[in-house]
């Protein structure tokens, strides 16, 4: 299977992930997949799971959103945050989920911000189970 270069860029680091065969991302309008020689594009990303197939094996990342830029030879994921499934601290994610659930009852909170916290915690727990 032909491959392409994957690079992950966050506010604190740039990671060269090497050659990959496939990437599936949580687009703002639904999930989308990228194979080698994909048409050039820029996609907005939401909270969700990123699946990367490298050397025939699937790897999963949890992200809080960002952008994906695809060129003919390369894909760059410009992410606010990401965590590999095996690196997610599930007890910390469960605590964040519990806090978000408790805050839903409070009247003095920013409901939109709390909803994002809730979704991020749920996503981290889902990806950690991969």
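Results, tabulated for the structure shown:
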quantity: Subset of region 39-88 (residues that are without any contact (Cβ under 8 Å) to a residue 40 or more places away in the chain, within 8 Å of the chain's Cα centre (by Cα) and farther than 19 Å from residue 12 by Cβ); calculated: 46
quantity: Any hit, region 104-121, residues being closer than 30 Å to residue 35 by Cα, part of a strand (DSSP E or B) and out of contact with any helix residue (DSSP H, G or I) (no Cβ under 7 Å at 6 or more places or on another chain); calculated: no
quantity: Residues of region 1-54 classified as within 17 Å of residue 130 (Cβ to Cβ) and not in a strand (DSSP E or B), total; calculated: 1
quantity: Any chance residue 80 is at pLDDT 90 or above and surrounded by 11 or more Cβ atoms within 10 Å (Cβ to Cβ); calculated: yes
quantity: Tabulated pairs, region 106-130, first in contact (Cβ under 8 Å) with a residue 24 or more places away in the chain, second in a helix (DSSP H, G or I) and exposed (fewer than 15 other Cβ atoms within 10 Å of the Cβ), C-beta under 6 angstrom, 6+ apart or interchain; calculated: 128/90
quantity: Scan of region 1-47 for residues that are within 17 Å of residue 72 (Cβ to Cβ) and either loosely packed, with under 14 Cβ neighbours inside 10 Å or touching a helix residue (DSSP H, G or I) at 6+ places or on another chain (Cβ under 9 Å) (or both), ordered by number; calculated: 1, 2, 19, 33, 37, 39, 40, 41, 42
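The values are calculated or read from the model by the stated rules, or taken from the named source; none is laboratory data. On a predicted model such as this, the values are computed, not experimentally measured, just so you know. Cβ: placed from backbone, ideal geometry, glycine included. Neighbour counts: every protein chain shown.
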